[in-house]
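Quick note: the coordinates plus some simple rules give every number you see, no bench work behind them. Quick caveat: nothing in here was measured; it's all calculated off a predicted structure. Cβ: placed from backbone, ideal geometry, glycine included. Neighbour counts: every protein chain shown.
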Amino acid sequence: MRKIDAFAHILPPAYAARIESITAGPGVSRRILGYRPWIREDPVLIDLDARWRLMDQFGDYRQVLTMAVPPVEELGGPAAAVDLARSANDELAELVGKYRDRFVGFTAVLPMSDPDAAAAELDRAMRDLGAFGAQIYTNVTGAPLDDQRFCPVFDVVTGAGGTLWLHPTRSEIWADYPAESRSRYGLWWSLGWPYETSVAMSRLVFSGHFDRYPGLQIIAHHAGAMVPHFAARLAAPLEDPDRDAIMSRLTAAPLDYFRRFYTDSALFGAPHAIRCAVEFFGTGHVLFGTDMPLGGPAVVADTIADLESLGLPEAETAALFAGNARRLLRLPD
């Protein structure tokens with residue numbers, strides 16, 4: 001069965017060399033220190049030959065390329081982020097053009113610390129380079145995505161009929177408790193990232209983004225994180241002093257908005273969790289996506305096994321593995 005991996009990470013060689021130099025330099029921010037080991041975590045992230053060897057195990061299997069963390073705005077000031085994003089997108093487009101049999105397309109990198117520049121780069125990447133849209137992160141150096149300053153990005157992507165890939169970002173400096181100065185036991189990643197994703201999704205819902213941008217298409221990483229599991233809590237009355245004003249500006253029930261998100265299946269081998277996500281979002285809104293290679297050498301095989309374990313009719317299984325991606329991204333058969 002054909003498979004399109006809608007959330008496959010990469011660090012193109014030239015871009016990887018640049019960020020490796022930045023993160024190894026003096027005075028690097030504590031915020032990105034947690035990302036540094038990932039640059040060389042798995043050769044598949046950078047080495048194309050290693051990637052081919054992994055991909056060849058899965059037959060008719062192609063990928064949508066999404067850049068691995070960290071976000072470019074965390075690697076320098078706005079001007080540096082613009083330069084990094086532009087060079088990254090050029091390299092991603094070159095890879096897709098050269099290896100059409102491996103990659104169906106890519107998501108643009110955006111310098112979100114300069115929203116106007118990010119919107120301009122998104123327009124260039126979609127118009128001139130063929131990007132499907134962009135990967136954005138759950139916060140921009142601590143600012144929420146529903147902040148009005150980021151509206152130009154949403155204007156561009158919806159105006160062009162593109163898609164946003166929503167990826168969490170958080171590091172060890174986000175302490176688990178106010179009394180501490182950093183996160184411990186890697187919880188900033190294992191539990192912090194799903195929380196980040198869930199909060200970002202919720203902020204976009206309750207701020208009215210889906211009404212403001214009727215054509216908004218977002219693929220939330222890791223099967224929608226906490227949302228499908230805590231749907232009843234999200235449907236409960238808001239514990240907010242401005243509840244009446246918030247609800248009065250929405251034209252649908254909260255859970256109806258949450259179900260407008262698309263999600264991937266990147267759960268690292270958790271069939272019970274993917275079943276919950278598919279039941280909540282529906283088989284038409286879940287795309288095969290693995291997070292490869294960051295979930296380990298077996299992450300693609302484990303994700304395939306998760307979806308196959310659902311025991312769905314063949315047509316629905318085919319939609320999960322490739323059909324939904326083809327429809328959402330308007331890919332040819």
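Structure summary
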read-out: Sequence ranges 321-332, 248-259, ranked by mean other-Cβ count within 10 angstrom, highest first; value: 321-332, 248-259
read-out: Selection of trypsin sites (Lys or Arg not before Pro), region 170-241, meeting DSSP coil and at most 14 other Cβ within 10 Å; value: Arg182, Arg184
read-out: Ellipsoid semi-axes in whole angstrom, largest first, where each is sqrt(5λ) of the Cα gyration tensor of the chain; value: 27, 25, 21
read-out: Cleavage-rule hits (GluC sites (Glu not before Pro)) in region 81-183: DSSP loop, at most 11 neighbouring Cβ within 10 angstrom; value: Glu180
read-out: Quarter of the Cα convex hull surface for region 199-333, i.e. its orientation-mean projected area (nm²); value: 8.9 nm²
read-out: Sequence-separation-based contact order of the chain, relative, with Cα cut under 8 Å and 6+ spacing, percent; value: 17 percent
read-out: Beta bridges per DSSP with both ends in region 3-328, % antiparallel, nearest 5; value: 10 percent
read-out: Coil-residue trypsin sites (Lys or Arg not before Pro) of region 96-133, DSSP, other Cβ within 10 Å capped at 13; value: Arg100
read-out: Exposure proxy ranking, count of Cβ atoms within 10 Å, fewest first, for Met67, Met126, Met247; value: Met247, Met126, Met67
read-out: Cα centroid separation, region 35-92 to region 140-205 (Å); value: 19 Å
read-out: Rg(Cα) / (2.2 N^0.38 Å) computed for region 105-236, rounded to two decimals; value: 1.10
